[in-house]
Amino acid sequence: TKAATLPIFNPALRIIKAALLTALVALVWALSSSYVWANGDQIIGSWVTPDDKAVVEIYQQEDQYFGKFISLKEPNYGADMQVEGLEGQPKVDRKNPDVTQHEQPIVGLVMLHGMAYTVSKQGKQTWQGGTIYDPSNGKSYKCTIKLNADGTLDLRGYIGISLFGRSQTWRPQQG
C-alpha cells in the first residue's frame, strides 16, 4: 500500500494570497469611496424654489455645498415700496441682522452655507450640517437636504431640532 502524501505547506503562497486579498479589499474600498463622493455632486446645478420665486445655484467648494440666488421672479421692488423710495430698484438684503449687508443685492446672495454630504447605513443620502438663510426675515436656520427619486430636492430649515421647522421642495431648472 501507498502512504498518503500530505500537501506541502508553502509560506510564500500564503503571503501571496494575503497580499491579493488586501489589494482586493483596498480596491473595493477605493471604488466605493469615490462613488460616494461622486454622488454628493448630484445636487450641483440650478434649482427652482416653490412658486417659481427664485432660482438657486448649488455649487461645491472643497467638501461642502453652497447655494446662491441667481435669479428672482420679481428682482425689483414693486409699487408697494414707493413710499420708501425703493420702487423699481433691485431687491437687497434689508432684513439682515448685520446692517453692513443691507445693500447686498438678493441676486448673487449666498443663502445656503456649509452643507456636507453624508450617507446613512441604510443608504439614505443627505446634505446636512449647514444653514439656510431666509432674506425675507433675515434669519438663518439649520438645514438638511434630501434628493428624491423624482430628481427634486426636499429642504428642511429648522431651529434646534428638525421637528420645529419648515420644508420646501425644489425642482431642477429645465434648459
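The values are calculated or read from the model by the stated rules, or taken from the named source; none is laboratory data. Note that the coordinates shown come from a computational prediction; the quantities given were computed from them, not determined experimentally. Ideal geometry is used to build each Cβ from the backbone, glycine not excepted, and the neighbour counts take in all protein chains shown. The area values use the complete protein model at the heavy-atom level, side chains included, leaving out ligands, DNA and RNA. Shrake-Rupley method; radii C 1.70, N 1.55, O 1.52, S 1.80 Å.
Of everything in region 108-119, what is surrounded by 13 or more Cβ atoms within 10 Å (Cβ to Cβ) and not aliphatic (A, V, I, L, M)? Give them in sequence order.
HIS113, GLY114, TYR117, THR118 - these are the residues of region 108-119 that are surrounded by 13 or more Cβ atoms within 10 Å (Cβ to Cβ) and not aliphatic (A, V, I, L, M).
How many residues are open to solvent by 80 Å² or more (accessible area, probe 1.4 Å) and either closer than 20 Å to LYS139 by Cα or in contact (Cβ under 8 Å) with a residue 60 or more places away in the chain (or both) if we restrict to region 90-102?
Our first condition is that a residue be open to solvent by 80 Å² or more (accessible area, probe 1.4 Å); within region 90-102, this holds for 90, 94-95, 97, 99-100.
In the following step, the residues that additionally are either closer than 20 Å to LYS139 by Cα or in contact (Cβ under 8 Å) with a residue 60 or more places away in the chain (or both) were identified as 94-95, 97, 99-100.
So the answer is 5.
Can you run down the residue pairs with Cβ atoms below 6 Å, 6 or more apart or on separate chains, where the first is in region 120-133 and open to solvent by 20 Å² or more (accessible area, probe 1.4 Å) and at pLDDT below 85 and the partner is aliphatic (A, V, I, L, M) and part of a strand (DSSP E or B)?
none
Quick test for you: out of PRO105, PRO172, pick the one residue that is open to solvent by 50 Å² or more (accessible area, probe 1.4 Å) and either among the polar types (S, T, N, Q) or modelled with pLDDT of 90 or more (or both). Step through it out loud before you land on a result.
Values: PRO172 fails: open to solvent by 50 Å² or more (accessible area, probe 1.4 Å).
From the options PRO105, PRO172, the qualifying one is PRO105.
Hey, can you tell me all the residues within region 90-111 that are farther than 19 Å from PRO75 by Cα and either of a type in the set (Val, Ile, Thr) or not in a loop (DSSP other than H, G, I, E, B) (or both)?
Residues of region 90-111 farther than 19 Å from PRO75 by Cα: 97-100.
Within region 90-111, VAL99, THR100 qualify.
Scan region 148-166 for residues that are open to solvent by less than 70 Å² (accessible area, probe 1.4 Å) and modelled with pLDDT under 95 and jot them down.
Answer for region 148-166, where residues must be open to solvent by less than 70 Å² (accessible area, probe 1.4 Å) and modelled with pLDDT under 95: ASN148, GLY151, GLY160, SER162, GLY165.
Please go through region 46-89 and pick out each residue that is open to solvent by less than 50 Å² (accessible area, probe 1.4 Å), outside any loop (DSSP other than H, G, I, E, B) and aliphatic (A, V, I, L, M).
VAL48, ALA54, VAL55, VAL56, ILE58, LEU72, MET81
List the number of the failed condition for TYR141; all other conditions in (1) in contact (Cβ under 8 Å) with a residue 24 or more places away in the chain; (2) assigned to a loop (DSSP other than H, G, I, E, B) hold.
Tallying (1) in contact (Cβ under 8 Å) with a residue 24 or more places away in the chain; (2) assigned to a loop (DSSP other than H, G, I, E, B), TYR141 fails exactly one: (2).
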